[in-house]
Each structure stands twice: as C-alpha cells, then as structure tokens.
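Engineer: Dropping a structure here in structure tokens format, bear with me for questions.
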Amino acid sequence: MNILDMANSFEKHICDKADLLKIPIGATLELLPLCNMNCKMCYVRMSYEDVISQGGLLTKENWFTLLDSAKDAGTLFLLLSGGEPLFHPDFKEIYSKAKSMGFVVSVNTNGTLMNKEWADFFVLDCPRRLNISIYGASNKTYELLCDNPKGFDQFDTGIQLLKERNIPIKLSCSLTPQNYDDLEKMILYAQKNDLPIEVASYMFPFHRKDNSVLKSENRLTLEQETNARILYEKMIYGEQFTDKAYASVYCNTFDVELPSKAPNSGFTCRSGSSTYWINWKGEMIPCGMMNHPKVNTLDKSIQESFQVMKEEISKIKRADTCYLCKKEYICQICTAATLAETGKLDGVSEHHCKACDLYLEKLQQYLDEHQIKVKEEN
Ligand code: SF4
Ligand code: SF4
Ligand code: SF4
C-alpha cells in the first residue's frame with residue numbers, strides 16, 4: 001500500500017528527500033467507510049447506521065480545512081480513498097478543490113459506479129491515476145465476494161469508458177478464496193486491456209476493524225497464497241523470474257554479505273516518516289491497516305499531528321528475530337502485518353515465517369524442474 005508509487009522518477013527523488021527529512025509529503029484521505037459493495041474481506045466498510053452512531057461523516061468544509069493544513073505541512077501527493085470515494089456526496093467538490101490547490105491527486109475506486117458522467121468529470125480534470133480494484137473475472141465471482149451480481153459488467157463498462165478517454169488506470173487485485181480461481185483470467189483481462197495490475201495474495205486479519213482474526217474462509221491457504229505470489233511474479237518478471245528465483249534461493253543457502261542495515265525501527269516503509277493516513281473521522285494513523293498511533297487532526301494542524309505520530313512511531317522497534325532474519329529480503333512482513341498477525345508491534349508472525357519457507361521451497365522446485373543447480377560463487 002504505497003501512496004507514492006505513482007510518482008515519476010523526479011518526484012521519487014523528492015519523496016526520498018522528504019523521507020530523510022521526515023516531511024509528510026504523501027497522504028491518503030479515507031473520505032468515508034461507506035460503499036456500494038460489501039466484500040467479505042473488507043476492513044473498512046460500515047453500515048450507514050453505524051457511521052451515524054459514531055458521529056457521521058466529516059463535512060466537505062472539514063476536508064477543505066484538512067487540505068489547507070496538509071498543504072502547509074508540505075504534502076504534495078494525495079490519494080482519495082474509502083470505502084468507495086465516488087459514493088461520497090461531496091466527492092467532486094473535494095477532488096476539484098484538491099486539484100485546484102496543486103496536489104497530485106490519485107483515487108482508489110472499485111470502478112462499479114463509473115459511468116459516462118463520472119468519466120467525463122475525470123477527463124476534464126484528470127487524476128494522476130485511478131487505482132481500480134478488480135475482484136473477479138465474472139459477475140458470479142463479484143456476487144460471491146462482493147455481494148454485487150452485476151459487479152464485473154459494471155467494472156468493465158467503467159474501464160472501457162476511462163480507457164476511451166485515456167485516463168491513467170492501475171488495477172489492484174486482492175485475492176481471497178472466492179476469487180482465487182479467477183487469478184489467471186484477471187491477469188489476462190489486464191493484459192488484454194493493456195493495464196498494469198498489482199496482485200496482493202496476502203490478506204491482513206481484521207486488526208483495524210475489530211481486532212478479530214479474518215475468518216479463515218475469507219483468506220487463502222498458505223499453499224494458495226504462495227502459488228499466487230509465484231504466478232504473479234512470473235508475470236511481472238517474465239524471463240528474469242529465473243534469475244530472481246536463483247538469487248532468492250542462493251541468499252538463503254549461502255552466507256551472503258548484505259548491505260548494512262538502517263537501525264532497527266518499527267516501519268520498513270514510508271509510513272510515519274513521509275506519509276500518513278487520515279481516516280473518515282479525521283484521525284491521523286500511519287497507514288490504513290493500523291489503529292495506532294492515532295492523532296485527532298480536527299483540533300491540531302497536520303504538521304502538529306504528524307509530529308505527535310512521529311514521536312510515537314520512533315518508540316517502535318521490530319523484533320530482533322525479524323530485524324536480523326536472513327529471509328527478510330523475501331518476507332512480506334511489515335509493521336501493520338506484524339500487529340495484525342500477532343497483536344504486538346514487536347511480534348514475529350508465524351504466518352509470514354511459514355510463507356517464506358514455502359515460497360523458498362517452491363522456488364527450489366522451480367529451479368530443479370529447469371535443471372538449474374544453485375552453486376556457491378568463489
Ligand atoms: S505498514 Fe505495511 S500495510 Fe502499512 S503502509 Fe507500510 S507496508 Fe503498507
Ligand atoms: S469495494 Fe472496497 S471498500 Fe467496498 S466493500 Fe469492497 S473492499 Fe470494501
Ligand atoms: S516474519 Fe519470520 S521470515 Fe519474516 S522476517 Fe520475521 S522471522 Fe523472518
């Protein structure tokens with residue numbers, strides 16, 4: 001979940017500087033937890049009644065004030081998210097205001113509400129990118145996973161309207177048991193439409209929502225998760241997948257001197273050092289998968305809130321087992337995942353340890369099938 005992955009190379013240079021100087025350059029604004037769909041693995045969605053009972057949505061004026069404050073704090077990149085942001089009654093005004101203030105704006109959407117009117121709106125004032133979730137390759141899968149029996153057709157109509165207008169799109173796919181069998185078809189859909197796709201085979205437990213564990217029927221088995229990771233990497237790396245497999249197995253088999261590490265700090269991503277997330281209540285959190293540390297931005301500026309969050313984050317350390325782990329280079333663990341899996345910020349996720357072992361085992365099998373022997377270099 002990287003707010004800044006849409007940046008071009010010059011912008012990435014600015015982001016690296018911001019990271020070093022701890023300037024909050026990227027923000028995700030979670031405008032609402034409401035959605036027109038109801039996905040089984042969703043950690044954000046709430047009913048309208050629950051939203052009202054927790055104080056209701058922020059007003060557009062609240063968001064305008066937050067935008068002013070974000071600009072003063074040095075924020076440049078904004079990702080508007082939800083729930084489903086197009087479901088927000090004031091989305092167009094908030095979006096246009098952010099664009100007119102000079103923010104580089106991207107939007108996360110499930111794409112099923114996209115019609116001609118929305119596509120014309122976006123073409124007039126184009127976002128940096130629309131990140132559109134793909135949940136399956138048929139209406140049947142959308143019904144099973146998202147409770148929307150027309151979801152795939154709606155999504156596809158949206159994609160075609162946006163493509164006709166040359167609006168930049170990236171597809172994101174979260175895999176669950178309900179759409180696992182559609183994985184190849186979803187990748188083919190992306191390729192047929194000449195669109196980039198990112199596949200997340202690891203699904204977080206519901207730590208943020210209610211501290212409960214994601215029901216196992218909504219999460220892939222380790223075997224499925226690993227197969228999906230390898231299938232996706234084969235697609236991304238093409239012929240270089242073999243080199244990647246070789247390097248991964250090599251580093252695990254022999255003693256390799258890896259580049260010296262940064263000191264042990266809780267976060268290995270940009271969260272809390274140059275990016276932040278504002279949830280639908282106006283609370284700042286490091287990323288959308290976490291509930292802590294949390295700072296109310298409605299009575300403080302973004303700059304002040306970020307300072308408080310940074311101080312809290314500086315106290316976090318990862319478990320030494322992870323910090324010193326030889327498999328860290330292939331492990332998909334992060335602070336949010338550690339918290340979600342173990343209930344602690346310095347825990348060791350058994351799920352991720354097992355996933356790494358299985359991943360390496362499957363890479364070794366792949367090399368054996370291609371009669372490639374991993375040899376120690378002198
Ligand atoms: S803590 Fe994990 S989930 Fe959150 S932004 Fe960082 S990598 Fe993504
Ligand atoms: S489309 Fe996204 S926000 Fe809506 S229910 Fe599904 S996962 Fe949640
Ligand atoms: S979760 Fe396990 S495999 Fe991953 S870095 Fe920590 S100890 Fe290593």
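The values are calculated or read from the model by the stated rules, or taken from the named source; none is laboratory data. As the structure is a computational prediction, the values presented were derived from the model and not from experiment. Virtual Cβ from ideal backbone geometry, glycine too; neighbours counted across all protein chains shown.
Engineer: Could you list, in sequence order, the residues of segment 115-138 that are touching a helix residue (DSSP H, G or I) at 6+ places or on another chain (Cβ under 7 Å) and among the acidic types (Asp, Glu)?
Structural biologist: Asp125
Engineer: Which numbered condition trips up Lys310, out of (1) farther than 18 Å from Gly26 by Cα; (2) out of contact with any Pro (no Cβ under 7 Å at 6 or more places or on another chain)?
Structural biologist: (1)
Engineer: Testing Leu298 on (1) within 14 Å of ligand 1 (Cβ to nearest atom); (2) of a type in the set (A, V, I, L, M, F, W, C); (3) touching a residue at least 60 places away in the same chain (Cβ under 8 Å); (4) in a loop (DSSP other than H, G, I, E, B), one condition comes back false. Which one is that?
Structural biologist: It fails just one condition, (1).
Engineer: Go through (1) in a loop (DSSP other than H, G, I, E, B); (2) of a type in the set (Gly, Ala, Ser); (3) modelled with pLDDT of 95 or more and name the single condition Gly288 misses.
Structural biologist: Result: Gly288 passes all but (3).
Engineer: Pairs please, first residue from segment 30-56 and of a type in the set (Gly, Ala, Ser), second anywhere and buried (at least 17 other Cβ atoms within 10 Å of the Cβ) and assigned to a loop (DSSP other than H, G, I, E, B), Cβ atoms under 8 Å, 6+ apart in sequence or on different chains.
Structural biologist: Going by the 8 Å Cβ cut-off, the qualifying pairs are Gly55/Lys281.
Engineer: Got at least one residue in segment 338-355 being within 27 Å of Lys22 (Cβ to Cβ), in contact with a strand residue (DSSP E or B) (Cβ under 9 Å, 6 or more places away or on another chain), away from ligand 2 (no atom under 16 Å from the Cβ) and not in a loop (DSSP other than H, G, I, E, B)?
Structural biologist: no
Engineer: Scan segment 296-318 for residues that are surrounded by 18 or more Cβ atoms within 10 Å (Cβ to Cβ) and hydroxyl-bearing (Ser, Thr, Tyr) and jot them down. Quick ask: steps written out before the conclusion?
Structural biologist: Residues of segment 296-318 surrounded by 18 or more Cβ atoms within 10 Å (Cβ to Cβ): 297, 302, 305-306, 309, 313, 316, 318.
Within segment 296-318, Thr297, Ser305 meet the criteria.
Engineer: Could you tell me whether segment 361-377 includes any residue that is closer than 30 Å to Val51 by Cβ and either within 16 Å of ligand 2 (Cβ to nearest atom) or free of Cβ contacts under 8 Å to residues at least 12 places away in the same chain (or both)?
Structural biologist: No.
Engineer: In addition: Of the conditions (1) within 19 Å of the chain's Cα centre (by Cα); (2) away from ligand 3 (no atom under 14 Å from the Cβ); (3) more than 22 Å from Leu32 (Cβ to Cβ); (4) of a type in the set (Ser, Thr, Tyr), Thr338 fails just one. Which one is it?
Structural biologist: (2)
Engineer: Do we have Asp90 as out of contact with any His (no Cβ under 9 Å at 6 or more places or on another chain), modelled with pLDDT under 95 and of a type in the set (D, E, K, R) here?
Structural biologist: Details: out of contact with any His (no Cβ under 9 Å at 6 or more places or on another chain): yes; modelled with pLDDT under 95: no; of a type in the set (D, E, K, R): yes.
So Asp90 does not fit the description; no.
Engineer: Would a scan of segment 322-333 turn up a residue that is within 16 Å of ligand 2 (Cβ to nearest atom) and surrounded by 14 or more Cβ atoms within 10 Å (Cβ to Cβ)? Write out each step before concluding.
Structural biologist: The first filter runs over segment 322-333 and keeps only residues within 16 Å of ligand 2 (Cβ to nearest atom), leaving none.
Scanning segment 322-333 turns up no residue that is within 16 Å of ligand 2 (Cβ to nearest atom) and surrounded by 14 or more Cβ atoms within 10 Å (Cβ to Cβ).
Engineer: Further, regarding this structure: Considering only residues that are over 26 Å from Leu79 (Cβ atoms) and of a type in the set (Val, Ile, Thr), look in segment 285-335 and name the one that is nearest to ligand 3 (Cβ to nearest atom). Step through it out loud before you land on a result.
Structural biologist: Kept after step one, since they are over 26 Å from Leu79 (Cβ atoms), are these residues of segment 285-335: 315, 317, 319-330.
Among the residues that remain, those that are also of a type in the set (Val, Ile, Thr) are: 321, 330.
Numbers: Thr321: 5, Ile330: 8 Å.
For segment 285-335, the residue satisfying everything is Thr321.
Engineer: Being among the hydroxyl-bearing types (Ser, Thr, Tyr), within 30 Å of Leu220 (Cβ to Cβ) and assigned to a loop (DSSP other than H, G, I, E, B) narrows it down to one residue among Tyr366, Tyr359, Tyr329, Tyr276; which is it?
Structural biologist: Going through Tyr366, Tyr359, Tyr329, Tyr276 in turn, the sole match is Tyr329.
Engineer: Please tell me if Leu20 is at pLDDT below 95, more than 15 Å from Lys281 (Cβ to Cβ), hydrophobic (A, V, I, L, M, F, W, C) and more than 19 Å from the chain's Cα centre (by Cα).
Structural biologist: Numbers: at pLDDT below 95: yes; more than 15 Å from Lys281 (Cβ to Cβ): yes; hydrophobic (A, V, I, L, M, F, W, C): yes; more than 19 Å from the chain's Cα centre (by Cα): yes.
Criteria met by Leu20.
Engineer: Return the residue satisfying two criteria in turn: it lies in segment 257-295 and is free of Cβ contacts under 8 Å to residues at least 24 places away in the same chain, away from ligand 1 (no atom under 15 Å from the Cβ) and surrounded by 15 or more Cβ atoms within 10 Å (Cβ to Cβ), and of such residues it is nearest to Val44 (Cα to Cα).
Structural biologist: Here the answer is Glu283.
Engineer: Just to verify a result, which residue in segment 17-43, among those that are within 16 Å of ligand 1 (Cβ to nearest atom) and charged (D, E, K, R), is surrounded by the most Cβ atoms within 10 Å (Cβ to Cβ)?
Structural biologist: Filtering segment 17-43 for residues that are within 16 Å of ligand 1 (Cβ to nearest atom) and charged (D, E, K, R), the one surrounded by the most Cβ atoms within 10 Å (Cβ to Cβ) comes out as Glu30.
Engineer: Right, here's the next one. Just one of Asn139, Asn148, Asn131, Asn108 is touching a residue at least 24 places away in the same chain (Cβ under 8 Å) and within 18 Å of Lys40 (Cβ to Cβ); which is it? Steps first, please.
Structural biologist: Working: Asn139 fails: touching a residue at least 24 places away in the same chain (Cβ under 8 Å); Asn131 fails: within 18 Å of Lys40 (Cβ to Cβ); Asn108 fails: within 18 Å of Lys40 (Cβ to Cβ).
Result: Asn148 is the single residue among Asn139, Asn148, Asn131, Asn108 that is touching a residue at least 24 places away in the same chain (Cβ under 8 Å) and within 18 Å of Lys40 (Cβ to Cβ).
Engineer: Something else now. Scan segment 314-336 for residues that are more than 19 Å from Glu30 (Cβ to Cβ) and within 14 Å of ligand 1 (Cβ to nearest atom) and jot them down. Spell out how you get there, then give the answer.
Structural biologist: The first filter runs over segment 314-336 and keeps only residues more than 19 Å from Glu30 (Cβ to Cβ), leaving 314-333.
The answer is Ile316, Arg318, Cys322, Glu328, Cys331, Gln332, Ile333.
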